[in-house]
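Worksheet: one structure, shown below.
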Amino acid sequence: MGIASKGPRIVLRELRRGCTVSGREICDAVQARAGQDKNHGVILIPEGIIESIPEVYALLKLLLHPESDDSAQLSQIETEKLLAYLVETEMNKRLKEGTYKGKKFNAICHFFGYQARGSLPSKFDCDYAYVLGHICYHILAAGLNGYMATVTNLKSPVNKWKCGAAPITAMMTVKNWSQNAGSTSTSIGRPAIHPAMVDLKGKAYESVMQFKQEQDKNHGAILIPEGIIESIPEVYALLKLLLHPESDDSAQLSQIETEKLLAYLVETEMNKRLKEGTYKGKKFNAICHFFGYQARGSLPSKFDCDYAYVLGHICYHILVAGLNGYMATVTNLKSPVNKWKCGAAPITAMMTVKNWSQNAGSTSTSIGRPAIHPAMVDLKGKAYEQNAEKFLMEDLYRNPGPLQYDGPGADAKAVSLCVEDQDYMGRIKKLQEYLDQVRTIVKPGCSQDVLKAALSVMASVTDVLTTISSSSNGGQQTA
């Protein structure tokens, strides 16, 4: 499809997203290249990309006669024309609004399905085909059945290729197949060779429950964050339409009982496994709680009191200094109170600009509005990584009793504060010390070797920091 692409390449990740979102991303790429006077480009669209568009793929499986593996016949779907139509519609809309000032979008679609099969083979193709045939001869001569010829170490010369034969059954797994198209009431197990999929870090709740039952642990607690529903695209999009949006055009997550939805899904799956005999534990019974305001209304700990007192003390100094628009900050909280580091950060330094819809439910017109956006929890942080496996399978709990304001347990702090290294201002100070050392070493009169090494290292550091900062901003513009 002859359209422009942004930057070096557009890489489609293993994500399930709608046609509209994919079309907008291509439009953004076209618009970015048009700003560089590049009104041309090529986008390669794989035939199977339609599988990553849930709403379209489910419909196509109902409309088209399925393949032998119960999947839709993707070769009958002209995905490139569908995306080209969506992109053309969006680009014409932007052209009328004045946000796009390039030439009229014109896509030329091509389908290269069999051209590669009918083209002349290269020398590598000839060598590879000859070696495969040679292996097949030896497989037949050995009287083997159900084996596939394999060749490895292909990057080396032909005389160093490693030949072998692998049993096809070793590459097969069992998948549930529907006996009737569109029916999920009855299914049978068939062996099939599946393409390799992304290994997800998270584990399904049902599998966790079953594994705990095998250890005779028919109990446990799962903490579900309120915002987890944002990671379920089809549900979140529906909720944004049904519920009155927040001031930032997002769905009112506090009105959604996500824990009950997940409990229902897990209970359904566990009952199914109980009937099949794959799960032999007790009947699953979930008790849901919503702790939205309990922490706010509880008595403060000694740490809470110290923290609040220090914040108030900082605010006093901010007012005395005549500063406005600053936020009191305290770092190095894992240390004793007398080693805490106090400061004040301008609120504008934490703000980013994000497009907001002018009218609720409307995306036709949007304005940029600076705001402090919520930060996601770092699942690669020390506090999570060190305890993730223990939290999953072991019985970890504490019963400290009432809050202590004096004695051994009075200065107890949260695990996240003790494990995480969040001394932001301390790191800034350490960085300044390193920069001062560089200024002391690299100055007029130093050797050429020292100067060249400093220039090379600083250039590399600058490139790395620029890349990291641009990716962490996620396309948002600092106010």
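One residue alone among 325, 292, 281 is in the same structural domain as residue 410 (by TED's automatic domain parsing) and either at pLDDT 85 or above or under 30 Å from residue 218 (Cβ atoms) (or both), and that residue is 325.
Could you tell me whether any residue of segment 407-422 is at pLDDT 80 or above, in a helix (DSSP H, G or I) and not hydroxyl-bearing (Ser, Thr, Tyr)? So far as segment 407-422 goes, no, none of its residues is at pLDDT 80 or above, in a helix (DSSP H, G or I) and not hydroxyl-bearing (Ser, Thr, Tyr).
Here the strands (runs of 3 or more DSSP E) wholly within segment 329-392 that include at least 2 residues being at pLDDT 80 or above and over 30 Å from residue 90 (Cβ atoms) are 341-346.
Out of all the residues in segment 459-479, which are at pLDDT 70 or above and among the hydrophobic types (A, V, I, L, M, F, W, C)? 459, 461, 464, 465, 468, listed by residue number.
The values are calculated or read from the model by the stated rules, or taken from the named source; none is laboratory data. Worth saying up front: this structure is predicted, and the values here are computed from it rather than measured. Quick reminder, even Gly has a Cβ in these numbers, built from the backbone with ideal geometry, and neighbours come from all protein chains shown.
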